[in-house]
1. Between K397 and S202, what is the label-to-label distance in nm when each label sits 7 Å out along the Cα-to-Cβ direction?
2. To the nearest whole percent, what portion of all C-alpha pairs in region 270-310 is separated by more than 17 angstrom?
3. Report, to the nearest whole %, how much of the accessible area of region 204-249 belongs to carbon and sulfur atoms, 1.4 Å probe, protein only.
4. Using a 1.4 angstrom probe, figure out how much accessible area region 243-402 has per residue, in square angstrom, rounded to the nearest whole.
5. Sort region 15-111 into rounded, prolate or oblate with this rule: let a ≥ b ≥ c be the square roots of the eigenvalues of the Cα gyration tensor; rounded if a/c is under 1.5, and if a/c is not under 1.5, prolate when a/b is larger than b/c, oblate otherwise.
6. Could you work out the relative contact order of region 42-115? I mean the mean sequence separation of Cα pairs under 8 Å and 6+ apart, divided by the number of residues, in percent.
7. Express as a percent, rounded to the nearest 5, the fraction of DSSP beta bridges in the chain (both residues included) that run antiparallel.
8. Of all accessible surface on region 96-170 at a 1.4 Å probe, what whole percent is carbon and sulfur?
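The values are calculated or read from the model by the stated rules, or taken from the named source; none is laboratory data. Bear in mind the structure is a predicted one, so any value in this text is a computation, not a measurement. Every residue, glycine among them, receives a Cβ derived from its backbone with ideal geometry; neighbour counts consider all protein chains shown. Keep in mind that these areas ignore ligands, DNA and RNA; they rest on the heavy atoms of the full protein, side chains included. Shrake-Rupley method; radii C 1.70, N 1.55, O 1.52, S 1.80 Å.
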Amino acid sequence: MLNNLIFVLNCGSSSIKFSILNPQNKKKYLSGLVECLFLKKTYIKWEYSGVKYKKYIGSYISHEHALNFILNQVLSKEQNLYNNIIGIGHRVVHGGNKINQSVLINDEIISFIEQAIPFAPLHNPANLIGIKIAIEKFPVLSNKNIAVFDTSFYQKMPKTSFLYAIPYIFYKKYHIRRYGAHGISHDYVSHEASIILNKNFSSLNVITCHLGNGCSVAAIRNGVCVDTSMGLTPLEGLVMGTRSGDIDPSIIFFMHQKIGISIDQINTILSKESGLLGLSGISSDFRYLEKNYSSNKDVRLSVDIFCHRLSKYIASYICLMDKHLDAVVFTGGIGENVSLIRQITLSKLHLIGVKIDIEKNMLIKNGKVGLISKNNSIPVLVIPTDEELLIAKKTMKIISSI
Ligand code: ADP
């Protein structure tokens, strides 16, 4: 059905994912990715009608340039798709304290997303560029742009999870709290898990691990997310590609007062130079880290620290479950593809009833869904995420109601 198509735009800090799909029959007609924005070589890859394309766009390419390439060189060439787009869905990482669900974008919403930039400084500015260019380039659909927020999934977290132990005034007056991120992905895979496990979502107890460039864990009890590892911003929690995740806050004072590093530099160090990249000294890319795990001791240590932290989070979220845990779910580029990470992490969790099936684990990658635990274990599932599909569904729902 080449009608009722939704164009989904996911502008990340260093990449742009896009697709045109029909959320009703779940068919993706076109999907693509621009990687390595602002680096030496930026490529675009896309798939249309079963054919894969890859093109070099240029050096040090910005979001604006890449978006214009997507619209002028890819989308506009497929007029049959282009003419059947009825709405545009945007992934937005942070809704701040003003927005708690998917919404039709207007000037007020844009201003709320701008106000939330301090809470997602690497992401919300990119999301806003996508919104502004989509409104400009699709004038007919300018009132059919929908923002779908990562933070919406965490709206029902209890205060015990979302408050930091700092003076309460910082929450009351400045809205400093845990907001979480990656909500669209945790939302999608937890619903898929309920289908696979044949359980009502409202009674589902799962721990979902989204492991991509950014990484986070979420605890879902009786279908409600009750805690997550990302905090005020997507910097807290797990070890990530280039982000530090949890650190003692005093490290920041030490770096500033004793080493003389400026606050801006510290921000860059913790966001862009830490995590797997900072620890290994070589790469944040798991395709490289996995290959060199046995031969390079720095790589090995960085991966072991990554798994150590992840296993601690999973184990700690057990105490938030209602009576039992239905499953642990892995997703994201690393969670879906890197059996090494799943094996090291899960082997630390046998005391809480997780028993990995090493052979099954080795076989699950490249978009496969699968169970990687033994029969007598708490089930562990690998479920490829599909944020675009969920964004398209939520976009369609709002478009149909206006
Ligand atoms: P993002 O958070 O930007 O959406 P992804 O979910 O695409 O990121 O995950 C990116 C991470 O996944 C990178 O570390 C990348 O190396 C890793 N990754 C993706 N595919 C593979 C693969 N086939 N094998 C190993 N690692 C992979």
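1. 1.5 nm
2. 18 percent
3. Reported share for carbon and sulfur atoms: 50 percent.
4. On a per-residue basis, 52 Å².
5. Details: a/c = 2.13, a/b = 1.22, b/c = 1.74.
Because a/c hits 1.5 or more and a/b fails to exceed b/c, region 15-111 counts as oblate.
6. 17 percent
7. 70 percent
8. Summing carbon and sulfur atoms, their accessible area is 59 percent of the total for region 96-170.
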